[in-house]
Amino acid sequence: MTGLYIHIPFCVHKCSYCDFVSYVCDQTVREEYVQSLICEIRMAGEIYRDRAINTVFLGGGTPCILLPAQTKRIMCALRDSFNICVDAEITVECNPGAVDSEKLNAYSECGINRLSFGLQSASDRLLKAISRIHTFSDFIQSIEHAKRAGFSNINADIMYGLPSQSISELAETISAVCEMRLAHVSAYSLIVEENTPLYSSLMCGSIALPDEDTEYEMHTLCQKKLESAGYRRYEISNYAKQDMECRHNLIYWNSDEYIGLGANAHSAVWERGVWTRYENFSSIGDYVSAVREGRLPIVRREHLWGYDAQAEYVMLGLRKTDGFLLSDFEDRFSEKFDTVFGERLERVEKSLYVKNERFYLTDRGLDLQNMILCELL
Ligand code: SF4
């Protein structure tokens, strides 16, 4: 499996908790970026033409900020340059309230077949507290537009551990999402990153986050409510209806190849038999200049060998509730899992994992994943 990730680093406004690479820019800068992105797509297509592309993900930032014609040009360039499978999963991230019927119809026309909405909460009070610019009714309207445009594979991101969020506010959000019968829900706990306005507010005491016990209760509530609504937890933070798992994200957790294009995009590919990671320039200026000079805009390249590659495979694979096949580990690294990790695994309490033909963590193990990885790796 190979995935393509396309980064669109623009937002209408910067949310207070966000440390993603996204900028507030005008239409001139966005158009210049789209032109450079298309050049990079063509250059990368020359290198990776032999790969069958199973998934495409337009992420950000806010990819739906682009004009429908710009998205269509990007999709055309991708199809011209890469071998995209007919049944490829093609996702675009959307902000509630930022997509109308015209945009959604354009997405459908260029083969986009999955939408991922950043709802975060059904409480307008909380959305305001984290400086999101949409309301819950924007989300409802966007989902209605999306369904009318023929989309059935839709994800909603929700967040818990928000400043002053109550358990009942989270329960209402989960119930509201379940009622909409979406294919997929991602439930993330808020991570407060340094150098964000939210971090400063927390440091000066003007906001407070739920305590550790409440946050754990919230995490448990997400799992309980989503599972009883027919979603299967298949990754630490991701839940899907049957066969509706996000195929693109599974590529990351399965340590399959992905090619990242655009500012700050990351790639991981087999290069002459060596697992290799790339990272693009994160500044739009550096990115555009490199592409204009006819160079791939790569700022860092790293080869992963032996134990480093094995540890990364285990770390990512254990995020999935199904873990990974021990035979897959052996095929990939020509070494048995037990030979490398067997001794360290003895330090981990047996009730936290299962090891038969697969190696995976139990529910309690997933809650203690960081501690287990410290013992194991
Ligand atoms: S919309 Fe998403 S990417 Fe943009 S600022 Fe908000 S959290 Fe960050």
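When you look at V92, is it within 24 Å of A290 (Cα to Cα) and within 16 Å of the ligand (Cβ to nearest atom), yes or no?
Numbers: within 24 Å of A290 (Cα to Cα): no; within 16 Å of the ligand (Cβ to nearest atom): yes.
Here the answer is no, as V92 does not meet what is asked.
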*asked:* Tell me whether the range 151-169 contains one or more residues that are touching a Ser or Thr at 6+ places or on another chain (Cβ under 8 Å), acidic (D, E) and in contact (Cβ under 8 Å) with a residue 24 or more places away in the chain.
replied: yes
*With respect to A290, is the statement that it is in a helix (DSSP H, G or I) and touching a residue at least 40 places away in the same chain (Cβ under 8 Å) true?*
no
_I'd like to check something: does the range 264-274 contain any residue that is part of a helix (DSSP H, G or I) and surrounded by 18 or more Cβ atoms within 10 Å (Cβ to Cβ)?_
no
*Determine if the range 32-44 includes at least one residue that is within 16 Å of the ligand (Cβ to nearest atom) and either over 21 Å from E257 (Cα atoms) or in contact with a His (Cβ under 9 Å, 6 or more places away or on another chain) (or both).*
yes
*Which of (1) farther than 30 Å from D308 by Cα; (2) touching a strand residue (DSSP E or B) at 6+ places or on another chain (Cβ under 9 Å) does D243 not meet, given it meets every other one?*
(2)
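Keeping to the range 275-287, report how many residues are surrounded by fewer than 19 Cβ atoms within 10 Å (Cβ to Cβ) and either in contact with a Pro (Cβ under 8 Å, 6 or more places away or on another chain) or part of a loop (DSSP other than H, G, I, E, B) (or both). Walk me through how you get there before you give the answer.
Pass one, the range 275-287, residues surrounded by fewer than 19 Cβ atoms within 10 Å (Cβ to Cβ): 276-277, 279, 282-283, 285-286.
Of the ones still in play, those that are also either in contact with a Pro (Cβ under 8 Å, 6 or more places away or on another chain) or part of a loop (DSSP other than H, G, I, E, B) (or both) are 282-283, 286.
Here the count works out to 3.
Answer yes or no: is there a residue in the range 36-52 that is within 30 Å of M203 (Cα to Cα) and either among the hydroxyl-bearing types (S, T, Y) or crowded, with 18+ Cβ neighbours inside 10 Å (or both).
Step one: filter the range 36-52 for residues within 30 Å of M203 (Cα to Cα), giving none.
No, there is no match, as no residue in the range 36-52 is within 30 Å of M203 (Cα to Cα) and either among the hydroxyl-bearing types (S, T, Y) or crowded, with 18+ Cβ neighbours inside 10 Å (or both).
Based on this model, can you work out whether E302 counts as under 21 Å from the mean Cα position of the chain (by Cα), closer than 17 Å to A268 by Cα and without any contact (Cβ under 8 Å) to a residue 60 or more places away in the chain? Please lay out each step first, then the result.
Working: under 21 Å from the mean Cα position of the chain (by Cα): no; closer than 17 Å to A268 by Cα: yes; without any contact (Cβ under 8 Å) to a residue 60 or more places away in the chain: yes.
Criteria not met by E302.
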*Restricting attention to the range 54-71, does a residue exist that is farther than 24 Å from L104 by Cβ and more than 16 Å from the ligand (Cβ to nearest atom)?*
no
*Is at least one residue of the range 4-27 surrounded by 20 or more Cβ atoms within 10 Å (Cβ to Cβ) and away from the ligand (no atom under 16 Å from the Cβ)?*
yes
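Does I167 meet the test of being closer than 25 Å to L209 by Cα, at pLDDT below 95 and surrounded by fewer than 19 Cβ atoms within 10 Å (Cβ to Cβ)?
Considered against the rule, which asks whether it is closer than 25 Å to L209 by Cα, at pLDDT below 95 and surrounded by fewer than 19 Cβ atoms within 10 Å (Cβ to Cβ), I167 comes out as no.
The values are calculated or read from the model by the stated rules, or taken from the named source; none is laboratory data. No experiment lies behind these values; they were computed from the predicted model shown. Reconstructed Cβ throughout: ideal geometry from the backbone, glycine too, with neighbour counts over all protein chains shown.
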